[in-house]
Amino acid sequence: MPQFLKEFFNRNGTGMGLAILGLVLFWTIGLIILPQLSMLDFSFRPNLPPPEIGGPKDVYTLENYKYLIYGPEGGSQDYNTVDLRVFFRTLVAAVCVTIFNLIICYPIAYYLGQSEGSHIRIFAIMLIIPYWINEILRAFALRIIFGETGVLNTLFLGLGVWDTPFDFIRNDIALYAGLGYAYILLMIFPMYNVIESLDKNQIEAARDLGAPWWRIHWRVVIPYAKPGISSGCTMVFMLSAGALAAPQILGGPSSLWFTQLIYQQFNDNNDWPQGAAYAIVLLVTCILFVLAVMRLFKVNMGDIGK
Amino acid sequence: MNNSFLRISIWVYLAIFFLYLLGPLVIMSITAFNSSGFPRMSPWECLTFQWFGELFQDQRILNGIKNSLIIGLGTVVLSVAMGLAGALMLTQIWPKLRATYYTIIIAPILIPGVVLGISTLVFWDRINRMLGLGADSFLSNGIFLTVIGQSTFIASYCMLVLVARLQRYDVALTEAALDLGASHAQAFRKILLPFMRPAIASAAVLAFLASFENYNTTTFTFGEYPTLTIELAQKVRYGITPAISALAFIIVALTVFFALMNEAKLKRQELVAVARKNATVEELAGKIKLPSFFAGNMAAVLLVVFAVATITVVGTAATYNPGQCIADIREQKQLEAEQRIQELRKQREERRKQREAEEAEQGGAQTAPKPSNNSGFGNVFAPNSLDGSETEGEDGVSEPESAPSNNSGFGGVFDPNSLQGDE
């Protein structure tokens with residue numbers, strides 16, 4: 001037995017040590033690592049009916065990945081433009097949602113982090129309450145507002161801003177508002193945690209030295225809050241790229257989210273390997289993208305999640 | 001200088017921000033009380049509580065709540081246990097492995113829920129096949145798969161909550177217990193567990209809420225046991241009714257209630273602590289005057305106001321009967337529809353006359369094109385005369401009950417379905 005395991009059992013006792021080790025191994029290996037590897041393996045296999053699985057036809061193939069790029073064999077187009085367009089649109093939209101959230105959340109995180117008083121706690125409760133409401137119900141609420149006879153259209157028609165109802169849903173405005181709405185808290189809290197620990201004297205000093213307010217933010221607050229900002233952005237980006245409920249409820253009839261394609265492969269086409277391949281593509285692209293952006297802004301991986 | 005300008009813009013910004021955050025919830029809650037068959041605020045028809053009744057008769061919703069509770073309970077037990085074990089392991093793992101281990105157990109938070117759901121499904125399906133079990137075995141059971149899939153990432157949340165408290169734990173306490181002859185299990189149960197209790201409680205609440213509202217993972221794993229969230233999603237996707245608003249209102253009210261209660265309790269503890277600190281010796285000796293529950297405790301005051309408002313609403317709901325108002329609205333709608341039909345008929349008549357005149361001008365080679373329709377029904381029975389309902393469709397005149405007395409002779413024009421506007 002290696003030294004560190006021996007120490008571990010000495011410290012926790014045999015029974016407790018086994019329980020802890022067992023649970024941790026079950027979680028890390030049984031729930032996290034093996035299922036992901038299994039999905040990876042699955043994505044390289046053809047879609048076979050159950051009796052043929054493990055048979056001679058069950059060989060590794062790149063077919064599922066080729067399908068995403070080139071479309072069905074003998075198709076009319078050289079590339080699978082429909083799916084690829086959905087894929088890139090999802091990524092671009094997720095980036096836009098992240099930037100939108102960063103812009104609207106930074107001021108409030110700064111305000112909450114740097115001011116004092118009992119109203120801050122009330123604000124915190126008001127922030128958390130929407131997060132406790134079901135994701136589906138939040139999307140539903142936005143649908144009531146953005147619908148053709150919804151509150152916004154009634155309001156603007158009444159004010160005479162426009163004369164025919166504006167279709168927020170078909171124009172994807174409802175979808176972006178819904179995605180932004182869903183993940184506001186995940187953007188605010190990491191930023192708030194970091195900004196709260198910023199010494200006010202630093203801001204005072206900058207102000208005394210004559211810096212205008214925007215330069216204080218640019219040179220003092222934002223560099224200090226960088227780990228919080230990057231954690232928030234990472235979470236919002238990953239979650240909105242992987243969102244399923246909001247696009248299903250708020251998305252227009254003609255615009256799809258990439259997760260909806262995965263969902264269709266699984267539930268409508270019953271093509272699990274294809275769906276697994278799409279899921280792998282989504283996961284890997286998102287991780288690579290996040291790592292690239294982090295390198296670009298010189299953020300360490302270890303700062304995330306602190 | 002422009003300090004007051006900055007201050008005002010901060011408040012305007014805060015107002016807009018909270019409007020965006022809370023406005024949708026308020027509007028959704030209000031639509032639960034409008035009698036309109038489509039959830040909306042305007043036009044306001046009648047105050048009604050019928051949607052709550054409808055909600056409680058919906059078997060699928062009730063069944064979904066039951067499944068959600070079972071799955072939530074399973075997820076809480078599994079993920080708190082795994083989270084605690086994971087946190088304990090994090091504090092004592094070999095330093096060289098620490099970073100890798102931390103990355104592995106934190107990763108499920110960042111992996112999209114869809115991917116977690118798929119990998120759980122694929123992996124356990126394979127295990128099931130390897131063991132040679134059938135499609136109805138325990139391993140392919142919807143509840144088992146959902147609990148497993150959700151716990152994968154919820155355990156990470158629990159771990160984060162638990163490790164924050166564990167870092168403040170003094171290991172010397174456990175060592176002292178062991179020196180005094182306690183077994184490891186006893187030391188764990190009597191020393192560490194009581195210390196961790198507040199964190200375990202918050203981790204459990206967090207895990208339950210996360211499980212209750214999860215959609216992305218569950219949608220792949222639920223099998224034959226749809227949770228409340230799945231049922232809601234299906235309802236919302238295929239036609240929405242105010243009964244969903246009613247459910248949302250209940251959830252919002254419960255959330256606000258518990259949040260205020262928690263806040264009031266915390267505030268009271270704080271006030272008591274301050275009072276103790278400032279108390280003189282004889283006050284501490286017996287007659288310490290603790291602040292009353294409401295003094296300086298805004299959350300407590302709000303809590304009471306909120307509770308009174310809820311009781312009033314429930315009381316009103318028990319006695320209030322919107323039947324008259326609904327009947328009025330229906331009558332009004334009927335009149336409107338009638339008016340529209342009349343207008344339509346007039347237009348048609350005019351168009352026909354115009355056409356006749358044109359034809360007459362053209363020389364009248366043809367015989368009279370149509371017998372003039374002198375019956376009281378106008379052209380309503382002509383197949384196209386119902387087109388008017390199309391243009392009006394978005395308005396959504398959808399009446400849950402059928403129109404009562406239909407003696408106007410317009411046939412099925414008032415049949416609720418003919419005018420049903422579907423969003």
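Every read-out reported here was derived from the displayed coordinates using simple, explicitly stated rules and does not represent laboratory data. Please read these numbers as outputs of a predicted model, since none were measured by experiment. Note that each Cβ is placed from the backbone with ideal geometry, even for glycine, and that neighbours are counted across all protein chains shown.
So, counting K/R as plus one and D/E as minus one, what does the shell of residues with Cβ under 11 Å around residue B:362 add up to? Local net charge: -3. For the stretch A:142-251, the ratio of Cα radius of gyration to the globular rule of thumb 2.2 N^0.38 Å stands at 1.51.
How many angstrom separate the Cα center of the stretch B:127-199 from the Cα center of the stretch A:76-131? Taking the Cα centre of each part, the stretch B:127-199 and the stretch A:76-131 sit 32 Å apart. Shape class of the stretch A:62-303 from the Cα gyration tensor (axes a ≥ b ≥ c, square roots of the eigenvalues): oblate, since a/c reaches 1.5 or more and a/b does not exceed b/c. Panel order for B:44, A:214, A:27, by other beta carbons found within 10 Å of each beta carbon, from fewest to most: A:214, B:44, A:27.
Neighbour counts of C-beta atoms inside 10 Å place B:136, B:58 in the sequence B:136, B:58, starting with the fewest. Dipole orientation for the stretch B:59-240: of the candidates B:88, B:149, B:110, B:110 has the Cα lying most toward the positive pole (charges on Cβ; Lys, Arg +1; Asp, Glu -1).
Over the Cα atoms of the stretch B:59-240, what is the Rg over Rh ratio if Rh follows Kirkwood? Intermediate results must be reported in sequence, preceding the final value.
Details: Rg = 18.9 Å, Rh = 17.9 Å.
With Rg and the Kirkwood Rh in hand, the quotient comes to 1.05.
Centre-to-centre separation between the Cα atoms of the stretch B:223-246 and those of the stretch A:147-179: 24 Å. The length gained by stretching the chain between residue B:189 and residue B:357 to full extension, at 0.36 nm per residue less their Cα-Cα distance, is 50.6 nm. Applying the criteria of a DSSP loop state and at most 15 other Cβ atoms within 10 Å to the GluC sites (Glu not before Pro) of the stretch A:81-156 yields A:116.
Listed from fewest to most Cβ neighbours within 10 Å, the set B:157, A:183, B:13 follows the order B:13, B:157, A:183.
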